[in-house]
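Asker: Structure in structure tokens, see below.
The values are calculated or read from the model by the stated rules, or taken from the named source; none is laboratory data. Just so it is clear, the model here is predicted, and its values are computed rather than measured. In this analysis, Cβ positions are derived from the backbone assuming ideal geometry, glycine residues included, and neighbour counts consider all displayed protein chains. Protein only, heavy atoms only, side chains kept; ligands, DNA and RNA dropped before computing areas. Shrake-Rupley method; radii C 1.70, N 1.55, O 1.52, S 1.80 Å.
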Amino acid sequence: MSLSLGNTTIGSLYLGSTKIGAAYLGNVKVYESGDPYNPLNLPPYTIRCKFSSGYTPDMGDSQTLVDASDNVWDITLNNTVWGSLFLGNTNIIEVLGANTTGVTDMSWTFYGCSSLTSVPLFDTSSCTNMSSMFRNCFLVQSGALALYQQASTQAITPQHNSYTFQNCGRDTISGAAELAQIPSSWGGTGA
């Protein structure tokens with residue numbers, strides 16, 4: 001989808017956290033992401049999330065409020081093991097970006113985050129365990145299929161990926177359609 005002002009196309013719009021590529025105003029490049037897995041150029045081991053209004057996160061090693069009007073926070077966990085970081089958190093609405101380079105364990109990271117609406121691309125090149133990562137994130141509308149495709153085709157796929165996407169997006173039309181394209185070995189409903 002492109003955005004236009006009058007007759008001038010500005011560039012591409014992306015829903016959720018997947019904003020990859022360049023945006024132009026006429027012939028002038030006004031935005032370009034150098035890293036498709038970290039388009040916000042976040043520091044190592046940092047994830048930017050939007051939470052429900054009034055919620056103050058307390059997970060990770062540090063929490064920094066980035067945008068008070070939208071309740072957006074940077075959460076930093078200075079560790080390669082992110083397993084269960086947001087486990088069961090019903091206040092997380094959207095992941096806007098992350099720097100997961102070097103993270104080896106992302107199992108159960110978003111398990112039961114029932115208000116989460118999208119799945120971003122993560123750098124999973126070092127990740128060996130993605131089991132139950134987005135399990136029971138019922139309201140996800142997009143992103144699960146793209147993350148599955150990226151993780152399952154990288155040079156070394158995660159050794160543990162059972163239930164990664166089980167019930168992820170189950171309660172939305174677009175999420176269920178993505179789930180149907182993910183094989184059951186990853187928790188999808190596909191063949």
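Asker: Limited to the range 137-153, what total is found for residues that are open to solvent by 30 Å² or more (accessible area, probe 1.4 Å) and either in a loop (DSSP other than H, G, I, E, B) or farther than 20 Å from T189 by Cα (or both)?
Answerer: Qualifying residue count, the range 137-153: 3.
Asker: Could you look through the range 30-60, keep only residues that are at pLDDT 55 or above and part of a strand (DSSP E or B), and pick out the one that is surrounded by the fewest Cβ atoms within 10 Å (Cβ to Cβ)?
Answerer: Restricting to residues being at pLDDT 55 or above and part of a strand (DSSP E or B), the top hit is E32.
Asker: Next question, about the same structure. Which condition breaks for G97 when tested against (1) farther than 16 Å from I75 by Cα; (2) among the small types (G, A, S); (3) open to solvent by less than 10 Å² (accessible area, probe 1.4 Å)?
Answerer: (1)
Asker: So, in the range 119-135, exactly how many residues are open to solvent by less than 30 Å² (accessible area, probe 1.4 Å) and either at pLDDT 95 or above or closer than 18 Å to T80 by Cβ (or both)?
Answerer: Going through the range 119-135 one residue at a time, the tally reaches 9.
Asker: Another question, if that's okay. Could you tell me whether the range 96-108 includes any residue that is under 24 Å from A177 (Cα atoms), in contact (Cβ under 8 Å) with a residue 60 or more places away in the chain, part of a strand (DSSP E or B) and not small (G, A, S)?
Answerer: Yes - at least one qualifying residue is present in the range 96-108.
Asker: Related question: Do you know which residues across the range 125-155 are closer than 16 Å to D105 by Cα and hydrophobic (A, V, I, L, M, F, W, C)?
Answerer: Across the range 125-155, the qualifying residues are C127, M130, M133, F134, L147, A151.
Asker: Does T64 fit the bill of being part of a strand (DSSP E or B) and open to solvent by 60 Å² or more (accessible area, probe 1.4 Å)?
Answerer: yes
Asker: Right, here's the next one. Taking only the range 161-184 into account, find how many residues are under 19 Å from D105 (Cβ atoms) and surrounded by fewer than 17 Cβ atoms within 10 Å (Cβ to Cβ).
Answerer: Of the residues in that region, 1 qualify.
Asker: From the set of residues in the range 77-94 that are in contact with a Leu (Cβ under 9 Å, 6 or more places away or on another chain) and either touching a residue at least 40 places away in the same chain (Cβ under 8 Å) or not in a loop (DSSP other than H, G, I, E, B) (or both), which is most open to solvent (accessible area, probe 1.4 Å)?
Answerer: Per the criteria, the residue is I93.
Asker: S162 is checked against (1) touching a strand residue (DSSP E or B) at 6+ places or on another chain (Cβ under 8 Å); (2) assigned to a loop (DSSP other than H, G, I, E, B) and fails just one. What number does that condition carry?
Answerer: (1)
Asker: Considering only the range 165-191, state which residues are within 14 Å of L147 (Cβ to Cβ), assigned to a helix (DSSP H, G or I) and either at pLDDT below 95 or aliphatic (A, V, I, L, M) (or both).
Answerer: Result: L179, single match.
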